[in-house]
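Okay, so here's the structure we're looking at.
The values are calculated or read from the model by the stated rules, or taken from the named source; none is laboratory data. Everything numeric here is computed off the predicted structure, so don't read it as measured data. Glycine also receives a Cβ, built like all others from the backbone with ideal geometry; neighbour counts cover every protein chain displayed.
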Amino acid sequence: MMKYVLDLRVTRVERLGERHLLLVATNPMGALPDMCPGQFAQLRIDDSKETFLRRPISIHNLDREKNEVSFLVQMVGEGTSSLRKKQPGSVLNAVLPLGRGFTMPTSAAEQFLLVGGGIGIAPLLFMGREMLRMGVRPAFLLGARSASDLLLLDAYRACGDVYVTTEDGSEGERGFVTQHSVLQQKRFDRIAVCGPKPMMMAMASYARREGVPCEVSLENMMACGLGACLCCVEDTVDGNVCVCKEGPVFGIKKLKW
Amino acid sequence: MADLRVNIAGLELANPVLTASGTFGYGIEYADFIDLSRLGGIIVKGTTLHPREGNPYPRMAETAQGMLNCVGLQNKGVDYFCTHIYPQIKDVRTNMIVNVSGNSPEDYAECAARINELECIPAIELNISCPNVKHGGMAFGTTTDGAASVVKAVREAYGKTLIVKLSPNVTSITDIALAVQDAGADAVSLINTLMGMAIDVEKRKRILSIGTGGLSGPCIKPVALRMVYQVAHAVQIPVVGLGGISNAKDAVEFLLAGASAIEIGTANFLDPTISVKVAEGIGEYLDKHGFASVKEIVGLCE
């Protein structure tokens, strides 16, 4: 897939609670390139003194009709936090689309479970919407610390069934996603996971136990995002490979955990 | 339009802009963004005689105006390079230069000899300055005897343009430069990264897997510029300048300090098109100030 450096133009910035932002942007120069669920963009950070590099942010949605791409950002440090200063009309310089995304269904009969924890839910909306376009209705299993951390649930519900866990029990079932009853009640053909590493490891062991093909999206610290600097490597069965280029999505059979 | 061509010890460059090893992959990673033939050359990822897995993750830490890395020369070895990578890059219409590293003078020489056989590789950059590997790398580049021993061994095995990349982690970089000149180097490139460290205050641990790493980016530019100036005034062979160059103005500073060509490294991560923009910007500077050729400004600063 051809990669581009684009000066995107921000069309909407929505603050979601204390720690999250929804950034929507268009390409004023023409149609946005096509992208796959699970791929990411390297966003340039313009107003941060402490940080230096771009920030890899997954594609949250691609609306081809409106020619808009969106990013769901958790404000973690100064780099991601500075994105809150963007306003409609601001330039958002992005290198995209990068990396390899999730395996998509090959038939409408395939039962997919998309599991997201915390900000890891971000790429799963794009995946759900793409699946819907193909006539496949996925199920989502989304986990958060508390009800107030569950973002944009309605958008996910528009694509498929949504199962929820919160650590404090304020919404859905109490506990972690791996403890949700749906995992005992239903059988899925394929699982896609994005979230904190302990959660992905727990889902991977569930998938191994059940013999279900499973992919996870890693977020190792990156510099170039292009497979050139070899900083973000994961130790896999094939040796050290770049998460930015060979991933960020990996089948769990490739991983050593 | 000013003439941007330069000549590094017989190696003709269309313009003075090269991309630095370890920041540009094998060039093909950037082919979607720029026309690679618009570069003076591409210095590809460090290559060793035997495959190397490199250091464990984490290999990178961000700093103010720069970054630390401890990649540790991960590469699949020179045989893999010759059979799998060379066929993919040999037709790129620019100077494809291979960065060579090793554990002993014999390793360096054997690796260089293999690359000497490749028709479309007109030069090598000898890395005697990698701060991230235990044996070899910087160990050779920090003493005049060590540096000379590697360069002598490679000079015997390698007939094309030999550029030697110097470490800034030394007491006198000019002494090392003079030693490699005497040992047969055609040119020197400097600087490699400066040894540094980063600590995570929450975990109370050093961030990089091996504890230390090489610092690159705009924060090292003044150090690099000073060293390029000093070396250019001490040696007779051409100097290739690098270290934190992020725009055409930075590049012109290095040319004025005495560099015949420059390398763009970490800046490629911030803007994958920066190398071509720097080449264009040098041309604009020359035109604006009435210079007919880039060669006129090399070492112009007293």
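Kindly establish whether residue B:292 is under 14 Å from residue B:6 (Cβ atoms), surrounded by fewer than 19 Cβ atoms within 10 Å (Cβ to Cβ) and not charged (D, E, K, R). Yes: the conditions hold for residue B:292. When each of B:94, B:83 is tested for being without any contact (Cβ under 8 Å) to a residue 24 or more places away in the chain and within 27 Å of residue B:113 (Cα to Cα), the lone residue that passes is B:83. Of the numbered criteria (1) assigned to a loop (DSSP other than H, G, I, E, B); (2) surrounded by fewer than 24 Cβ atoms within 10 Å (Cβ to Cβ), the one residue B:129 fails is (2). Given the residues A:82, A:107, A:70, which is the only one that is crowded, with 17+ Cβ neighbours inside 10 Å and more than 22 Å from residue A:248 (Cβ to Cβ)? Sole residue among the options that is crowded, with 17+ Cβ neighbours inside 10 Å and more than 22 Å from residue A:248 (Cβ to Cβ): A:82.
When each of B:86, B:57, B:26, B:80 is tested for being in a loop (DSSP other than H, G, I, E, B), hydroxyl-bearing (Ser, Thr, Tyr), more than 16 Å from the chain's Cα centre (by Cα) and over 24 Å from residue B:285 (Cα atoms), the lone residue that passes is B:57. Screening the candidates A:83, A:72 for the property of being in a strand (DSSP E or B), within 18 Å of the chain's Cα centre (by Cα) and aliphatic (A, V, I, L, M) yields one hit, A:72.
Here segment A:42-67 is the region considered, the condition is being away from chain B (no Cβ under 14 Å) and of a type in the set (S, T, N, Q), and the residue that is surrounded by the fewest Cβ atoms within 10 Å (Cβ to Cβ) is A:67. Only one entry of B:96, B:60, B:138 meets the criterion of being within 14 Å of chain A (Cβ to nearest Cβ) and of a type in the set (A, V, I, L, M), and that entry is B:60. The criterion of being closer than 19 Å to residue A:21 by Cβ and among the β-branched types (Val, Ile, Thr) does not hold for residue A:136. Is there a residue in segment B:41-49 that is more than 16 Å from the chain's Cα centre (by Cα), at pLDDT 95 or above and either away from chain A (no Cβ under 13 Å) or not in a helix (DSSP H, G or I) (or both)? Yes, segment B:41-49 contains at least one residue that is more than 16 Å from the chain's Cα centre (by Cα), at pLDDT 95 or above and either away from chain A (no Cβ under 13 Å) or not in a helix (DSSP H, G or I) (or both).
Test residue B:15 against the criterion of being away from chain A (no Cβ under 14 Å), assigned to a loop (DSSP other than H, G, I, E, B) and closer than 26 Å to residue B:220 by Cα, and give yes or no.
It is true that residue B:15 is away from chain A (no Cβ under 14 Å), assigned to a loop (DSSP other than H, G, I, E, B) and closer than 26 Å to residue B:220 by Cα.
Pairs linking a residue in segment A:62-74 that is at positive phi to a residue that is exposed (fewer than 14 other Cβ atoms within 10 Å of the Cβ), with Cβ atoms under 8 Å and 6 or more positions apart or on different chains, are A:67/A:31.
Report yes if residue A:138 is surrounded by 20 or more Cβ atoms within 10 Å (Cβ to Cβ) and in contact (Cβ under 8 Å) with a residue 60 or more places away in the chain, otherwise no. So that I can check it myself, show each step before the final result.
Details: surrounded by 20 or more Cβ atoms within 10 Å (Cβ to Cβ): yes; in contact (Cβ under 8 Å) with a residue 60 or more places away in the chain: no.
It is false that residue A:138 is surrounded by 20 or more Cβ atoms within 10 Å (Cβ to Cβ) and in contact (Cβ under 8 Å) with a residue 60 or more places away in the chain.
Just one of the listed residues (B:145, B:107) is farther than 30 Å from residue B:200 by Cβ, surrounded by fewer than 18 Cβ atoms within 10 Å (Cβ to Cβ) and among the charged types (D, E, K, R), and it is B:145. Scan A:123, A:88 and give me the residue that is closer than 24 Å to residue A:9 by Cα and either among the small types (Gly, Ala, Ser) or within 14 Å of the chain's Cα centre (by Cα) (or both). Of A:123, A:88, the one residue that is closer than 24 Å to residue A:9 by Cα and either among the small types (Gly, Ala, Ser) or within 14 Å of the chain's Cα centre (by Cα) (or both) is A:123.
Taking the numbered list (1) more than 17 Å from residue A:13 (Cβ to Cβ); (2) among the small types (Gly, Ala, Ser); (3) within 14 Å of another protein chain (Cβ to nearest Cβ) in turn, residue A:94 passes all entries but (1).
In this structure, is residue B:67 closer than 23 Å to residue B:263 by Cα, away from chain A (no Cβ under 14 Å) and not in a helix (DSSP H, G or I)?
The answer is no for residue B:67.
Look at segment A:1-30: where a residue is surrounded by fewer than 15 Cβ atoms within 10 Å (Cβ to Cβ) and a partner is at pLDDT 95 or above and part of a loop (DSSP other than H, G, I, E, B), sitting 6+ places away or on another chain with Cβ atoms under 6 Å, you get A:2/B:32. Check whether at least one residue in segment A:47-55 is assigned to a strand (DSSP E or B) and at pLDDT 95 or above, and report yes or no. Checked against the condition, which is being assigned to a strand (DSSP E or B) and at pLDDT 95 or above, segment A:47-55 yields at least one hit.
Condition check ((1) away from chain B (no Cβ under 11 Å); (2) part of a helix (DSSP H, G or I); (3) without any contact (Cβ under 8 Å) to a residue 40 or more places away in the chain; (4) among the basic types (Lys, Arg)) across all residues:
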| site | (1), (2), (3), (4) |
| --- | --- |
| A:192 | yes, no, no, no |
| A:219 | yes, no, no, no |
| A:227 | no, no, yes, no |
| A:246 | yes, no, no, no |
| A:253 | yes, yes, yes, yes |
| A:257 | yes, no, no, no |
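For segment A:1-25, the set of residues classified as under 23 Å from residue B:269 (Cα atoms), in contact with a strand residue (DSSP E or B) (Cβ under 7 Å, 6 or more places away or on another chain) and not in a strand (DSSP E or B) consists of A:1, A:3, listed by residue number. Can you name every residue in segment B:264-302 that is farther than 18 Å from residue B:65 by Cβ and within 14 Å of chain A (Cβ to nearest Cβ)? Answer for segment B:264-302, where residues must be farther than 18 Å from residue B:65 by Cβ and within 14 Å of chain A (Cβ to nearest Cβ): B:272, B:273, B:275, B:276, B:277.
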